[in-house]
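Heads up: the structure comes next, in structure tokens.
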Amino acid sequence: MTCTKTMRYQIVRPLDDDWEVFRYILNQISYETWNCLNRCAQYLWEADNFKKIYYSKFGIKFNVKDVEGVADDAYINRNLKKEFQKMNGDSVETITREVKVKMKKNKEDFMLGKASFLSFKKGHPILFRGSQVKINKSNDNNYIVTVRLLRKEYAEELYNGITVKTKNKKEEKVHKRNINDMNIRFYIKANDKYNKVILERVLNKEYKIGGSRIFMKGNKIFFDLVYSFEQKKDEKLDKNRIMGIDIGYNIPAAVAINDMPYKKWFIGDRKEIEDFRTKIEVRKKQLQKWSVWAGDGRVGHGIKTRIKPVLNIGEKINNFKNLKNHVWSREIINIALKNKCGTIQMEKLEGIIPEEYSFLKNWSFYDLQQKIEYKAREHGIDVVYIDPAYTSARCSKCGHIHKSYEKKDWRPEQGQFICQVCGYKENADINAARNIATPNIEKIIKEQLEKQEREQRNQKYIS
Ligand SMILES: [Zn+2]
């Protein structure tokens with residue numbers, strides 16, 4: 001099932017134009033949109049009448065093929081494009097579609113005398129289709145929206161400068177764009193998690209952009225992003241089946257399920273990130289060398305141009321990490337759904353990165369968790385965070401806690417966990433994941449620690 005939703009973003013500032021020119025363009029297109037909508041309604045009404053007359057005259061239903069180029073959509077679009085020459089042709093077609101949908105609803109009400117003839121109000125939002133919109137991220141993690149809004153000829157006109165008489169008609173004002181481009185570009189405000197996630201999913205191609213709109217309200221300008229996605233059928237999830245996820249530096253995630261003792265999953269490979277970073281770092285050094293060696297035209301154009309390729313590398317690494325976290329989190333959620341896990345338990349991650357893994361410091365474990373959480377909630381899976389204390393030192397089989405292990409780097413070389421009491425052997429991350437998947441694990445650990453302390457005291461007393 002395809003699900004379509006809208007999210008509103010405020011436009012913070014234009015990228016290529018100054019505010020005055022930007023507003024001027026939007027006002028022009030908004031005005032044209034309004035007129036085009038009403039003109040289109042008129043065309044469709046006429047086409048309808050034409051069909052009625054045709055039927056009464058020839059006794060057969062009008063067929064577009066019989067009278068090509070009359071009263072069909074192509075005919076209407078062609079005429080509208082001739083009349084409205086500022087907005088992009090794709091916008092015109094979007095308008096026709098919009099009016100057709102509205103017309104269908106309006107027609108019945110009109111016949112019943114419930115509504116007047118379809119008309120649109122001034123200040124109507126600017127319409128465009130999904131293919132006219134592109135979203136990307138700037139180096140400083142802001143979101144930039146590009147909309148192919150203008151007709152080529154109008155874009156050129158604006159680039160050359162359009163002279164406008166001001167209200168008192170005494171002065172003249174020239175609106176001139178800095179670029180000769182059919183696109184307008186602007187930054188949008190995405191300050192909470194939820195509206196950021198939507199943009200990330202658009203970037204990640206999980207969400208498809210649909211016909212969106214821009215509208216002005218007072219001094220503010222908004223961008224309504226319409227996005228769609230395939231919603232999976234709700235599977236029956238068992239809230240008592242808990243998936244435990246150990247997020248770590250050996251493997252991005254180790255996964256276990258509380259009542260499936262023989263199953264385990266390793267998600268992703270941290271080496272991919274390391275390899276990518278090494279590759280990029282080599283390239284970065286090369287670029288720096290080249291720019292020092294001059295001859296590539298970069299030297300002498302100021303520090304900014306010399307820094308540019310390096311910045312792009314940082315962006316590349318971030319994009320790669322982001323992509324990987326998306327892939328891994330999706331993999332995890334698919335496992336949860338397949339096994340009908342209604343609950344996911346994870347550790348509260350805070351300051352768990354040891355010195356020797358400092359290359360990962362920028363790497364956000366937290367980001368991976370966030371992505372898992374969002375995807376889980378989308379499917380109705382509960383997410384519970386637990387205290388990470390002793391989850392690595394507890395034997396998931398017999399429950400013994402290896403307190404001395406916790407103090408130093410207890411992980412044996414191959415990342416194996418070996419219980420000193422029952423001899424249970426397991427990959428250390430999977431052992432932790434099994435503990436994390438255990439219901440009421442915090443309480444169990446607390447009680448176990450008390451029990452072990454009691455036993456230790458008794459032993460001392462006996463000896
Ligand atoms: Zn054990």
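FYI, it's all coordinate maths here, none of it is from the lab. Small disclaimer: the values here were computed from a predicted structure and weren't measured. All Cβ positions, glycine included, derive from the backbone under ideal geometry; neighbour counts span all protein chains shown.
If the cut-off is a Cα-Cα distance under 17 Å, which lysines reach LYS263, setting aside same-chain residues fewer than 8 apart in sequence?
Reachable lysines: LYS338, LYS340, LYS397, LYS425.
What's the whole-number percent of alpha carbon pairs in region 204-283 lying beyond 22 angstrom?
64 percent
Taking 0.36 nm per residue of separation and subtracting the Cα-Cα distance, what length does fully extending THR278 through CYS3 add?
94.9 nm
Which cross-chain or sequence-distant (5 or more) residues have an amide H under 5 Å from the amide H of ASN88, H modelled 1.01 Å from N in plane?
Under 5 Å from the amide H of ASN88: LEU150, ARG151.
Using each residue's phi in region 180-194, evaluate 6.51 cos²θ - 1.76 cosθ + 1.60 at θ = phi - 60° and report the 3J(HN,Hα) Karplus result to the nearest Hz, with x for Gly and Pro.
9, 8, 6, 8, 10, 10, 8, 8, 10, 8, 10, 9, 10, 3, 5
ILE386's amide H: which non-local residues (gap 5+, or another chain) put their own amide H closer than 5 Å, with H modeled 1.01 Å from N in plane and none for Pro or chain starts?
Under 5 Å from the amide H of ILE386: MET346, GLU347, LYS348.
Work out the P(r) tail for the chain: percent of alpha carbon pairs separated by more than 36 Å, whole number.
Above the 36 Å cut-off, the chain has 52 percent of its Cα pairs.
Based on the Cα atoms of region 108-257, what semi-axes does the equivalent ellipsoid have, where each is the square root of 5 times one gyration tensor eigenvalue, given in whole Å with the largest first?
43, 26, 14
Return, in residue-number order, each cysteine of the chain whose C-beta is not under 4.7 Å from any other cysteine's C-beta.
CYS3, CYS36, CYS40, CYS341 - these cysteines have no disulfide-compatible partner (Cβ-Cβ under 4.7 Å) in the chain.
With +1 assigned to the C-beta of every Lys and Arg and -1 to the C-beta of every Asp and Glu, and no other charges, what is the dipole magnitude of the chain about the Cα centre in debye, to the nearest 20?
Magnitude of the dipole: close to 1040 debye.
What are the ³J(HN,Hα) couplings of region 439-446, residue after residue, when phi is run through the Karplus curve with 6.51, -1.76, 1.60 and θ = phi - 60°? Round to Hz, x for glycine and proline.
With coefficients 6.51, -1.76 and 1.60, one gets x, 6, 4, 4, 5, 4, 5, 4 Hz.
Could you state, as a whole-number percent, how many of the C-alpha pairs of region 30-111 are farther apart than 20 Å?
36 percent
What FRET efficiency would be calculated for the residue pair LYS239, MET111, taking the C-beta separation as r and a Förster radius of 41 Å, to the nearest 0.05?
Efficiency at R0 = 41 Å is approximately 0.20.
Among 25-36, 254-265, what's the highest-first ranking by average C-beta atoms within 10 angstrom per residue?
Highest to lowest by the protection proxy: 25-36, 254-265.
Work out from phi, with θ = phi - 60° and the Karplus expression 6.51 cos²θ - 1.76 cosθ + 1.60, the ³J(HN,Hα) of each residue of region 420-429, listed in order in whole Hz, and give x for Gly and Pro.
Couplings: 7, 9, 9, x, 4, 10, 7, 3, 4, 6 Hz.
Let me know the Kirkwood hydrodynamic radius for region 103-148, please, with Cα pairs as the basis and the value in Å to one decimal.
14.2 Å
What residues qualify as long-range amide H neighbours of ASN142, i.e. H under 5 Å apart, gap of 5 or more or another chain, H built at 1.01 Å from N?
Close amide H contacts, sequence-distant or interchain: none at all.
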